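Quick notes on the structure that follows.
The values are calculated or read from the model by the stated rules, or taken from the named source; none is laboratory data. These numbers were taken from a predicted model, which means no experiment stands behind them. Here the Cβ is made from the backbone with ideal geometry for all residues, glycine too, and neighbour counts use every protein chain on show.
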Amino acid sequence: MKLSAEQFRQWEHKCITLLGMSGVGKTRISTLLRASNWFHFSADYRIGTRYLDEAILDNIKQQAMQVPFLRDLLRSDSIYIRNNITVDHLKPVSTFMGKLGNPELGGLSLTEFKRRQALHRTAEVATFRDVPEFIHKAQALYAYQHFINDAGGSLCELDEPGLLEQLAEHTLFLYIQASADDERALIRRAEADPKPLYYREAFLDEQLAIYMGERKLDYVALIDPDDFVRWVFSRLFHARVPRYEAIARQYGYTVTTAELAQVQSEADFLALIECAIARQQ
């Protein structure tokens, strides 16, 4: 969605899709806006509670079944397990995705890892297809004036026909571009605390071959799961940047993490978007 600064200012029900890597400030801003009559649509929350809920529970149950005490209780229906995913606590989603590598270190086989990646992709596409409906619900059912789509970092990698066009029809894309300092900080954070990630299959296959060649490994089962995530994160980051930039050029606008860090109120946020629009014009 492309607007002039004046059109944006007069837009009665503002709908924004935040775009960028995890850690650039999307959820901080979304949380801040919740207090100012904005509906916070968390893509990861929707994925975990609607489209991957059963798969996540099955994964947890599979782990529990390895403990004899819990296995007996589960099989006799004496206990049950349920998710407690919230917008602020999304760990069950990432633990389901898992990491590739040595099963003795908590890793997954390539077949199982790709299966979960495919499930996540399907869930993410379905989640973003839901955005127009939730924009309507936010206004008609919950009486929110505005809508913020806190999109996952992998939105740029879905390559789903018509998906970006649909989002652009209903929302304004705002790409949060990491400054050089913040880019280094994000990479350091990922290396210190490697978390499960989504990869396009072509990217995964390409990088996995390079990694195994560099490490002289013959089998995926020999991979240290955390080491692979540390190694691949900066490559993933730099592969996503041109995709984010292309989306912003065609459908929206760009702000930097340094600019976003200065936002402390709804008024600050709206002023920043107007500045981004004016810059591009």
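Condition test on TYR211, is it more than 25 Å from LYS14 (Cα to Cα) and in a loop (DSSP other than H, G, I, E, B)? Answer is no for this residue.
The residue that is farthest from ALA140 (Cα to Cα), counting only those in region 38-54 that are part of a helix (DSSP H, G or I) and small (Gly, Ala, Ser), is GLY48.
Among the residues of region 111-125, some residue qualifies, meaning at least one is more than 14 Å from the chain's Cα centre (by Cα) and of a type in the set (Gly, Ala, Ser).
Per the conditions (1) farther than 20 Å from ARG46 by Cα; (2) among the acidic types (Asp, Glu); (3) in contact with a helix residue (DSSP H, G or I) (Cβ under 6 Å, 6 or more places away or on another chain); (4) at pLDDT 95 or above, the sole criterion not satisfied by ASP218 is (3).
If we keep just the residues of region 188-209 that are touching a Ser or Thr at 6+ places or on another chain (Cβ under 9 Å) and hydrophobic (A, V, I, L, M, F, W, C), which is farthest from LYS99 (Cα to Cα)?
Residues of region 188-209 that are touching a Ser or Thr at 6+ places or on another chain (Cβ under 9 Å), as a first pass: 190-191, 195-200.
Checking the rest, the ones that are also hydrophobic (A, V, I, L, M, F, W, C) come to 190, 197.
Working: ALA190: 14, LEU197: 8 Å.
Restricting to residues being touching a Ser or Thr at 6+ places or on another chain (Cβ under 9 Å) and hydrophobic (A, V, I, L, M, F, W, C), the top hit is ALA190.
Residue-by-condition table, conditions (1) surrounded by 13 or more Cβ atoms within 10 Å (Cβ to Cβ); (2) over 24 Å from LEU158 (Cα atoms):
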position	(1), (2)
MET21	yes, no
SER36	yes, yes
TYR45	yes, no
PHE69	no, yes
ILE85	yes, no
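Only one entry in LEU119, LEU100, LEU105 is surrounded by fewer than 18 Cβ atoms within 10 Å (Cβ to Cβ), more than 30 Å from GLN166 (Cα to Cα) and modelled with pLDDT of 95 or more, namely LEU105.
Among the residues of region 60-75, are any free of Cβ contacts under 8 Å to residues at least 24 places away in the same chain, aromatic (Phe, Trp, Tyr) and not in a loop (DSSP other than H, G, I, E, B)?
As a first pass, look at region 60-75 and keep what is free of Cβ contacts under 8 Å to residues at least 24 places away in the same chain: 61-75.
Cutting the leftovers down to aromatic (Phe, Trp, Tyr) gives us 69.
Then keep just the ones that are not in a loop (DSSP other than H, G, I, E, B); that gives 69.
Yes, there is a match, as at least one residue in region 60-75 is free of Cβ contacts under 8 Å to residues at least 24 places away in the same chain, aromatic (Phe, Trp, Tyr) and not in a loop (DSSP other than H, G, I, E, B).
For the condition closer than 25 Å to GLU206 by Cβ and out of contact with any Ser or Thr (no Cβ under 9 Å at 6 or more places or on another chain), GLN166 does not qualify.
Can we say GLU6 is acidic (Asp, Glu) and under 25 Å from LEU163 (Cβ atoms)? For GLU6, the condition - acidic (Asp, Glu) and under 25 Å from LEU163 (Cβ atoms) - is not met.
Looking at PHE237, PHE269 in this structure, which one is out of contact with any Phe, Trp or Tyr (no Cβ under 7 Å at 6 or more places or on another chain), part of a helix (DSSP H, G or I) and surrounded by fewer than 20 Cβ atoms within 10 Å (Cβ to Cβ)? Write out each step before concluding.
Details: PHE269 fails: surrounded by fewer than 20 Cβ atoms within 10 Å (Cβ to Cβ).
Of the residues listed, the single one that is out of contact with any Phe, Trp or Tyr (no Cβ under 7 Å at 6 or more places or on another chain), part of a helix (DSSP H, G or I) and surrounded by fewer than 20 Cβ atoms within 10 Å (Cβ to Cβ) is PHE237.
Of everything in region 255-266 that's in contact (Cβ under 8 Å) with a residue 12 or more places away in the chain and in a loop (DSSP other than H, G, I, E, B), which residue is nearest to HIS13 (Cα to Cα)? Across region 255-266, the extreme among qualifying residues is SER265. LEU204 meets all of the listed conditions (1) over 18 Å from the mean Cα position of the chain (by Cα); (2) buried (at least 19 other Cβ atoms within 10 Å of the Cβ); (3) part of a helix (DSSP H, G or I) but one, namely (1). Number of residues in region 134-169 that are touching a His at 6+ places or on another chain (Cβ under 8 Å), under 27 Å from MET97 (Cβ atoms) and part of a loop (DSSP other than H, G, I, E, B) equals 0. Candidates are the residues of region 138-148 that are over 22 Å from the mean Cα position of the chain (by Cα) and surrounded by 15 or more Cβ atoms within 10 Å (Cβ to Cβ); the one that is nearest to SER30 (Cα to Cα) is TYR144.
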